[in-house]
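S.K.: Before I ask anything, here is the structure I am working with.
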Amino acid sequence: MRKVRRVIKISLFTNMSLVLIKIVFGFIGKSSALIADGIHSFSDLITDLIAIFGNGISRKPADAKHPYGHGRSEYITSLIIGFMVLGAGIGIIYETMHKEIIIPSVFVLFISFLTIIIKLILARYVVKKGNEYNNSILIASGKESSADVLSSIVVLISIFLMQLSEYSVIFKYADIIGTVIVGLFIIKTGYEILKDSISIILGEQETDEEFLQKIKNIILKEEKVKEIKSLIVIKYGPYYKLIGEVVMDNSLSLIEAHNIIDNIETGIKKKLRKIAYITFHMCPYVDKK
């Protein structure tokens with residue numbers, strides 16, 4: 001989808017700019033915290049590159065070996081992003097325990113604040129578009145960006161408190177304490193991305209009641225359908241696979257029943273374009289009286 005790739009490219013360009021701003025001004029202002037934050041932002045840059053690659057694969061059409069397309073490659077990409085976020089969190093905690101304490105220049109405060117505003121806008125934009133396009137890669141990338149915002153906020157607070165270190169020795173350690181806390185938040189975000197991706201790869205069923213009810217309404221519009229025995233909807237990347245079992249009037253001929261199922265499938269695909277693959281099993285109606 002071109003719209004998805006456009007969002008990814010916007011995120012890629014923005015993260016590239018933020019990496020340069022943080023690292024360059026971090027060196028100029030002698031702020032190791034801002035440099036570390038720039039390195040963390042670099043992980044966003046890598047995840048965007050992976051996202052572009054993964055999105056391209058997930059859109060490949062079905063073939064003989066992959067009759068349901070390549071949609072699940074999207075979740076493999078999300079797994080990679082999850083591991084990178086997890087690694088970034090662990091790395092930040094490790095680095096902050098071994099870095100030298102240096103009081104940064106005051107102007108670095110403004111740079112840090114500016115990057116937070118830019119990153120916050122980007123994170124909300126990417127997550128919003130991810131939900132709009134039903135794309136797990138964008139959602140995962142947006143969550144990672146949100147984690148980066150938390151990191152930047154702690155950097156901002158740390159830089160501010162370190163300016164006050166002459167009044168209290170404890171302020172010298174503000175950067176270390178704050179960064180460890182943010183590192184734990186980042187690890188939590190990585191864990192959640194991994195958990196969600198693994199669950200979907202294993203075949204997680206859609207639980208959105210409103211979405212499922214729309215499917216049921218289309219099926220039950222057919223008068224000859226007496227009951228829906230089961231309805232399973234599984235995500236395949238940007239699309240869904242529907243497996244249903246319906247009870248039909250036993251007076252119908254095989255051709256009539258087949259035509260009704262065809263009508264149901266056409267109606268579902270027309271009104272709910274996210275559902276690309278449909279399989280129905282027909283059961284004869286038995287009067288329990």
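S.K.: Restricting attention to the stretch 257-289, report how many residues are in contact (Cβ under 8 Å) with a residue 40 or more places away in the chain and out of contact with any strand residue (DSSP E or B) (no Cβ under 6 Å at 6 or more places or on another chain).
M.R.: First pass over the stretch 257-289, keeping only residues in contact (Cβ under 8 Å) with a residue 40 or more places away in the chain: 263-264, 267-268, 271-272, 274-277, 283, 285.
Imposing the further condition that a residue be out of contact with any strand residue (DSSP E or B) (no Cβ under 6 Å at 6 or more places or on another chain) reduces the set to 263-264, 267, 271-272.
Matching residues across the stretch 257-289 total 5.
S.K.: Determine whether the stretch 142-160 contains at least one residue that is out of contact with any Ser or Thr (no Cβ under 7 Å at 6 or more places or on another chain), surrounded by 17 or more Cβ atoms within 10 Å (Cβ to Cβ), touching a residue at least 12 places away in the same chain (Cβ under 8 Å) and not in a helix (DSSP H, G or I).
M.R.: So far as the stretch 142-160 goes, no, none of its residues is out of contact with any Ser or Thr (no Cβ under 7 Å at 6 or more places or on another chain), surrounded by 17 or more Cβ atoms within 10 Å (Cβ to Cβ), touching a residue at least 12 places away in the same chain (Cβ under 8 Å) and not in a helix (DSSP H, G or I).
S.K.: Any idea which residue in the stretch 206-254 is surrounded by the fewest Cβ atoms within 10 Å (Cβ to Cβ), counting only those that are assigned to a strand (DSSP E or B) and either in contact (Cβ under 8 Å) with a residue 60 or more places away in the chain or in the same structural domain as residue 77 (by TED's automatic domain parsing) (or both)?
M.R.: Taking the stretch 206-254 and keeping what is assigned to a strand (DSSP E or B), we get 225-236, 239-248.
Checking which are either in contact (Cβ under 8 Å) with a residue 60 or more places away in the chain or in the same structural domain as residue 77 (by TED's automatic domain parsing) (or both) leaves us with 235-236, 239, 241.
Values: 235: 21, 236: 22, 239: 17, 241: 19.
Filtering the stretch 206-254 for residues that are assigned to a strand (DSSP E or B) and either in contact (Cβ under 8 Å) with a residue 60 or more places away in the chain or in the same structural domain as residue 77 (by TED's automatic domain parsing) (or both), the one surrounded by the fewest Cβ atoms within 10 Å (Cβ to Cβ) comes out as 239.
S.K.: Right, here's the next one. Which residues, counting only those in the stretch 273-286, are under 33 Å from the mean Cα position of the chain (by Cα) and either outside the structural domain of residue 256 (by TED's automatic domain parsing) or at pLDDT 90 or above (or both)? Step through it out loud before you land on a result.
M.R.: Within the stretch 273-286, the first condition is being under 33 Å from the mean Cα position of the chain (by Cα), and the residues that meet it are 273-280.
Once the filter is applied, which keeps residues that are under 33 Å from the mean Cα position of the chain (by Cα) and either outside the structural domain of residue 256 (by TED's automatic domain parsing) or at pLDDT 90 or above (or both), the stretch 273-286 yields 278, 279, 280.
S.K.: Name the one entry in 105, 112 that is outside any helix (DSSP H, G or I), at pLDDT 80 or above and either among the hydroxyl-bearing types (Ser, Thr, Tyr) or within 26 Å of the chain's Cα centre (by Cα) (or both). Steps first, answer last, please.
M.R.: Details: 112 fails: outside any helix (DSSP H, G or I).
None of the others qualify; the one that does is 105.
The values are calculated or read from the model by the stated rules, or taken from the named source; none is laboratory data. Since this is a predicted model, take the numbers as computed values, not measurements. Using ideal geometry, Cβ is built from the backbone for each residue, glycine included, and neighbour counts are taken over all protein chains shown.
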